[in-house]
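In what follows, a structure is listed as structure tokens, so that the remarks can point back to it.
The values are calculated or read from the model by the stated rules, or taken from the named source; none is laboratory data. Keep in mind that this is a model prediction, so the values were computed, not measured. Glycine also receives a Cβ, built like all others from the backbone with ideal geometry; neighbour counts cover every protein chain displayed. These accessible areas exclude ligands, DNA and RNA; they are computed on the full protein's heavy atoms, side chains included. Shrake-Rupley method; radii C 1.70, N 1.55, O 1.52, S 1.80 Å.
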Amino acid sequence: MYTRVLGGLVAAIAFLSPAVLPAVHSADSTRPGDAGHSKHAPFTYAVYGDAPYGTSPTDTSETDATPAFIAAVNADPLVSGVLHVGDIHSGSQYCTQSYDQQIYDLWTAFADPMVYTPGDNEWADCHKKKEGGGAYNATTGAIDYVLGADGQPVDYAKGDPAANLGLVRSIFFAQPGHTLGSDSLRVTSQATAYDRRHPEDRAFIENVRWTRNDVVFVTINVPGGSNLIGDPWYGVPAETAQQAQLRAALTGAATRWITAAFEEARHSRAAGVVIVDQADMWDVDGNPAGTAHLSNFEPIIKTIADQTKAFRRPVLMLNGDSHVYRSDNPLLQGAPCTGDDENGGSICTSDVHNAILGSTREAWNSHPSYHVPNFHRIVVHGSTTPLEYLRLTVDPKAHNASTDTTFGIFSWARVTD
């Protein structure tokens, strides 16, 4: 049975039950049980990611635990929606059509609407040998693909990232504007609301936005780990033109979609904005290139910083990728950080955002747009058993102080076994 960390809401739960709280979900709607049944009523989402994970291609322990996890989320009387921040398998598991379909089928059991943004492991990293793709052979100049017992490549399309992104889109994003789970939330997809000056953006059907009780949510396909697919696919000496073009398309689509979401928020005078992506754009992830490895994220970080600062109201970002819980503001020098331990020390000791901007005051002053106090970021914990989710509550009328678990209109608690 999952432990409910409810804080001040325990008393309210004493007389509520799932039967009293049937799900009613659409943009800008509330569910019965929301205080006041108004546009400004509080609501709660379950947020998780980097799950289910396995330590090998045949490790199914987290996948096997997923039905019980979904049942626990469904049984949470506060939750009225689910957000998945990407990575539906680990970097040690293969990229196959059957696996993607298996996860899709499992997610149909969510009683609430579910919004998912893709992670790197299910497409951008499929080229890696450890994920079943292949590796460049310097002697032959060819790619040695990982083969199965039948002598055929084990990965879908030999691990080609572009093809695997297409596969993810065909399974999880078959219809623009539709979500997963109960599919009772209607969202706006970039596929239908793209900037007409950039028709290439209509390919990004997975980028969506919606408004719930005066708060704008936006998802962007920004895969982490591989630095926005900045590492040459298959380990070839230099990235291909296809890879460079896709990276440019991803970056352009993401920055324009973020901008459009903030334009909508300003026009509607929204109480806040929530940005959902997979990449932890401030985590070097042990890469020997250090902060230089994160340079391809800079246009997206700058767009978020500029738009957030101009918006002046609370903006919360949810991401996975580094999948160790962390609560901080990487756009404010010296901001507090709370997080879990990793490798014997707090995840907060591996801060890199100051290194990106420079450790000196002069370097910091050269990026004044990154002094953004109305921003907060949560790295959603994942890749561990038992599975856990973040119970994110949004109260459009709240004015919470910035603490480990509160920020403006937002408050959250981790729910584990």
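Quick look at the numbers
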| quantity | calculated |
| --- | --- |
| Residue list for the range 180-189, filter: part of a loop (DSSP other than H, G, I, E, B) and open to solvent by less than 20 Å² (accessible area, probe 1.4 Å) | L185, V187 |
| Positions within the range 147-175 being assigned to a helix (DSSP H, G or I) and either of a type in the set (A, V, I, L, M) or free of Cβ contacts under 8 Å to residues at least 40 places away in the same chain (or both), in sequence order | A157, K158, A162, A163, L165, G166, L167, V168, R169, S170, I171 |
| Criterion: among the basic types (K, R) and not in a loop (DSSP other than H, G, I, E, B) - qualifying residue of R209, R196 | R209 |
| Qualifying residue in the range 243-265 (condition: out of contact with any helix residue (DSSP H, G or I) (no Cβ under 7 Å at 6 or more places or on another chain), under 28 Å from H399 (Cβ atoms) and open to solvent by less than 20 Å² (accessible area, probe 1.4 Å)) | yes |
| All positions within the range 75-102 that are in contact with a helix residue (DSSP H, G or I) (Cβ under 8 Å, 6 or more places away or on another chain) and assigned to a helix (DSSP H, G or I) | A75, Q97, D100, Q101, Q102 |
| Some residue of the range 190-206 being under 18 Å from the mean Cα position of the chain (by Cα), surrounded by 22 or more Cβ atoms within 10 Å (Cβ to Cβ) and within 25 Å of K129 (Cα to Cα) | no |
| Residues of the range 350-387 classified as at pLDDT 70 or above and closer than 24 Å to I300 by Cα, total | 13 |
| Leading residue by the ranking (surrounded by the fewest Cβ atoms within 10 Å (Cβ to Cβ)) among those in the range 104-115 that are under 16 Å from Y53 (Cα atoms) and out of contact with any Ser or Thr (no Cβ under 8 Å at 6 or more places or on another chain) | Y104 |
| First in the range 397-415 and farther than 14 Å from A335 by Cα, second anywhere and part of a loop (DSSP other than H, G, I, E, B) and aromatic (F, W, Y), Cβ under 9 Å, 6 or more apart | R414/Y325; V415/Y2 |
| E263 out of contact with any Lys or Arg (no Cβ under 7 Å at 6 or more places or on another chain) and at pLDDT below 95 | no |
| Answer residue from the range 313-327, given it is modelled with pLDDT of 95 or more and open to solvent by 20 Å² or more (accessible area, probe 1.4 Å) and is nearest to the chain's Cα centre (by Cα) among those | P314 |
| Residues of the range 380-413 classified as closer than 21 Å to G272 by Cβ and either polar (S, T, N, Q) or open to solvent by 30 Å² or more (accessible area, probe 1.4 Å) (or both), total | 12 |
| Matching entry among E298, E239 (being of a type in the set (D, E, K, R) and touching a Pro at 6+ places or on another chain (Cβ under 6 Å)) | E239 |
